[in-house]
Amino acid sequence: MLLLRLVWVLTAAAVCFLILLLHNHILKEGHLLAGTCEIVTLARDSSQPRRTIARQTARCACRKGQIAGTTRARPACVDVRVVRSQRWCEMTPCLDDEGCNLLVNQSGWTCTQPGGRVKTTTVS
């Protein structure tokens, strides 16, 4: 009985070790899981009074039918139809307490906070 338990524990440990090795082999540094994004660069320019210009670059590994976009102020994979039609607010780019409005030329959107502060995002 003791031998059987020992074999069981060693087998479980070996399986866990193999899973860990496979996980590290498949997800080496630089690889993203499908449907996830990461911020690669983030630069802020506060040289103008009362205005901050932020530029960020994200890297995404989106599934078929998805493209890199923004959801709740974070990079995310969104439905490609939202981006192609430039209906930016449909991807929920603003935080929960903010209101979303399209820019007149549909080149981006604004997120309006309850206090009246406006964040404008343009797509390039």
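The values are calculated or read from the model by the stated rules, or taken from the named source; none is laboratory data. All figures in this text were calculated on a predicted structure; none of them were measured in a lab. Note that each Cβ is placed from the backbone with ideal geometry, even for glycine, and that neighbours are counted across all protein chains shown. Surface areas here come from the heavy atoms of the whole protein model, side chains and all, with no ligands, DNA or RNA. Shrake-Rupley method; radii C 1.70, N 1.55, O 1.52, S 1.80 Å.
Key figures for this structure:
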{"item": "Some residue of the range 53-61 being out of contact with any helix residue (DSSP H, G or I) (no Cβ under 8 Å at 6 or more places or on another chain), closer than 23 Å to residue 31 by Cα and either β-branched (Val, Ile, Thr) or in contact (Cβ under 8 Å) with a residue 40 or more places away in the chain (or both)", "result": "yes"}
{"item": "Residue 34 being open to solvent by less than 90 Å² (accessible area, probe 1.4 Å), assigned to a helix (DSSP H, G or I) and either more than 19 Å from residue 124 (Cβ to Cβ) or modelled with pLDDT under 80 (or both)", "result": "no"}
{"item": "Residue check for residue 42: farther than 25 Å from residue 112 by Cα, modelled with pLDDT under 85 and open to solvent by 90 Å² or more (accessible area, probe 1.4 Å)", "result": "no"}
{"item": "Top-ranked residue in the range 62-78 [being without any contact (Cβ under 8 Å) to a residue 24 or more places away in the chain and open to solvent by less than 80 Å² (accessible area, probe 1.4 Å); ranked as farthest from residue 93 (Cα to Cα)]", "result": "65"}
{"item": "Residue ID - modelled with the highest pLDDT, chosen from residues in the range 75-120 that are among the polar types (S, T, N, Q) and over 20 Å from residue 50 (Cβ atoms)", "result": "101"}
